[in-house]
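*Asks:* Could you have a look at this structure, given as structure tokens, before my questions?
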């Protein structure tokens, strides 16, 4: 048997009995995939890890809390032997052979009738890697190959074109706070498969360099007619290209639904009958403070955080923010798009009871190579913005969490 490679096959285990002997780390790693495959899993083991026990408590598997006994594999289609008892493993393996049950052994692969491949998943595809040379099995090597293939499919560096006709539509992708590595793997894959990319100035620009020359890139920030008409023009461009049968990605900074007008675009596409997939992104409201060493919550310091838009000053009748109520909160206040209005914001918060000494951090161009952090207090933040020439985009954090980090600088007086 050792002279021949294993024959790869996919087992359809839905509703079929799978017996797992041993409730340790091997079972903990293998059980989720068996559960996902719909198998009727019987675990036989005197003990189990807390995670395995939780699977039993949730009804995902049946656990018989005892050692292996002859007859346990009689009705099985597949077996995983992973106990710490060598004699029990050998006996169970022999039983599996008698009943013609394909059997994996964690302690002795050469005596097994089946091997578990290194597997990974990417958008409906399962990648399974087995060593073809039975004499030179190298699990780390097969796992490394698996990882390389799956990562390539996920991040778009390994592109496998769809040969069946794709359904035209739009993917609304949140690009994250700026660092190209912080886009989701699904977002990056969709970007790699796009025919048209409509991006704004806050999207991760470095990702555009990775696109094929055949991809049409539209800079939404430069569309004419001003902000309101620009949004209409973006909606029209999404609809126009999707109707041509193109795969369109709308690449936005942060998360599409956090001050990103994403829902306006979804609504426009729905009215036009264009299918839309929404891919959430990492919001700068939590990621940028984190990148600067500031937790938005911290035990014993802040039990809540509030995110508000500062693009409209508190004294503007268009403002929808209840600034007096925010001044009474004891948690963290995160302000986006507030560089130009921070003076008015600070005045309003102080006027309604916020301490002038409340610490403030401004993080400009967070997560990018140009990131910088400037600290102040609520009383000095307006002057600090002027003297330090803080420019958008910047995330503003107000609260005691600003002082929590191990390297938090002293605020400017």
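The values are calculated or read from the model by the stated rules, or taken from the named source; none is laboratory data. None of these values were measured; they are calculated from a predicted model. Here the Cβ is made from the backbone with ideal geometry for all residues, glycine too, and neighbour counts use every protein chain on show.
*Asks:* Counting only residues that are over 15 Å from residue 393 (Cβ atoms) and surrounded by 19 or more Cβ atoms within 10 Å (Cβ to Cβ), how many does region 348-375 have? It would help to see each step written out before you state the result.
*Replies:* Quick first cut of region 348-375, residues over 15 Å from residue 393 (Cβ atoms) only: 348-360, 375.
When the remaining residues are screened for being surrounded by 19 or more Cβ atoms within 10 Å (Cβ to Cβ), the result is 348-349, 354, 358-360, 375.
Qualifying residue count for the region: 7.
*Asks:* Would region 270-282 turn up any residue that is touching a residue at least 40 places away in the same chain (Cβ under 8 Å) and under 24 Å from residue 372 (Cβ atoms)? Break it down stepwise before answering.
*Replies:* Narrowing region 270-282 to residues touching a residue at least 40 places away in the same chain (Cβ under 8 Å): 274-282.
With the extra rule that they be under 24 Å from residue 372 (Cβ atoms), the set shrinks to 281-282.
Yes, region 270-282 contains a residue that is touching a residue at least 40 places away in the same chain (Cβ under 8 Å) and under 24 Å from residue 372 (Cβ atoms).
*Asks:* Starting from residues that are within 40 Å of the chain's Cα centre (by Cα) and under 15 Å from residue 43 (Cβ atoms), keep the ones in region 86-127 and report whichever is modelled with the highest pLDDT.
*Replies:* Across region 86-127, the extreme among qualifying residues is 104.
*Asks:* Let me ask something additional. Conditions first: (1) in contact with a helix residue (DSSP H, G or I) (Cβ under 6 Å, 6 or more places away or on another chain); (2) buried (at least 19 other Cβ atoms within 10 Å of the Cβ); (3) closer than 30 Å to residue 289 by Cβ. Residue 206 passes all but one, so which condition is the exception?
*Replies:* So the condition that residue 206 fails would be (2).
*Asks:* Give the residue, chosen from 26, 20, 52, that is outside any helix (DSSP H, G or I), at pLDDT 90 or above and closer than 20 Å to residue 66 by Cβ. Lay out the reasoning, then the answer.
*Replies:* Values: 26 fails: outside any helix (DSSP H, G or I); 52 fails: outside any helix (DSSP H, G or I).
None of the others qualify; the one that does is 20.
*Asks:* Do the conditions hold for residue 134, that is, is it surrounded by 13 or more Cβ atoms within 10 Å (Cβ to Cβ) and modelled with pLDDT of 70 or more? Even if it seems obvious, please write down each step before you answer.
*Replies:* Details: surrounded by 13 or more Cβ atoms within 10 Å (Cβ to Cβ): yes; modelled with pLDDT of 70 or more: no.
For residue 134, the condition - surrounded by 13 or more Cβ atoms within 10 Å (Cβ to Cβ) and modelled with pLDDT of 70 or more - is not met.
*Asks:* Within region 183-190, is there a residue that is outside any loop (DSSP other than H, G, I, E, B), at pLDDT 90 or above and over 21 Å from residue 275 (Cα atoms)?
*Replies:* no
*Asks:* Something else: What are the residues in region 354-388 that are farther than 20 Å from residue 177 by Cβ and part of a loop (DSSP other than H, G, I, E, B), if any?
*Replies:* 354, 355, 356, 357, 358, 378, 379, 380, 388
*Asks:* Does region 313-324 contain any residue that is crowded, with 17+ Cβ neighbours inside 10 Å, in a helix (DSSP H, G or I) and either over 33 Å from the mean Cα position of the chain (by Cα) or at pLDDT below 95 (or both)?
*Replies:* no
*Asks:* Continuing with this model, one more query. Go through region 331-353 residue by residue and tally those that are assigned to a loop (DSSP other than H, G, I, E, B), at negative phi and touching a residue at least 40 places away in the same chain (Cβ under 8 Å).
*Replies:* First, the residues of region 331-353 that are assigned to a loop (DSSP other than H, G, I, E, B): 331, 337-341, 352-353.
Checking which are at negative phi leaves us with 331, 338-341, 352.
Narrowing the set further to residues that are touching a residue at least 40 places away in the same chain (Cβ under 8 Å) leaves 331, 338-340.
The qualifying residues number 4.
*Asks:* Can I ask one more? Inspect region 290-306 for any residue being in contact with a strand residue (DSSP E or B) (Cβ under 8 Å, 6 or more places away or on another chain), in contact (Cβ under 8 Å) with a residue 60 or more places away in the chain and either outside the structural domain of residue 376 (by TED's automatic domain parsing) or part of a helix (DSSP H, G or I) (or both) and give the result as yes or no.
*Replies:* Yes.
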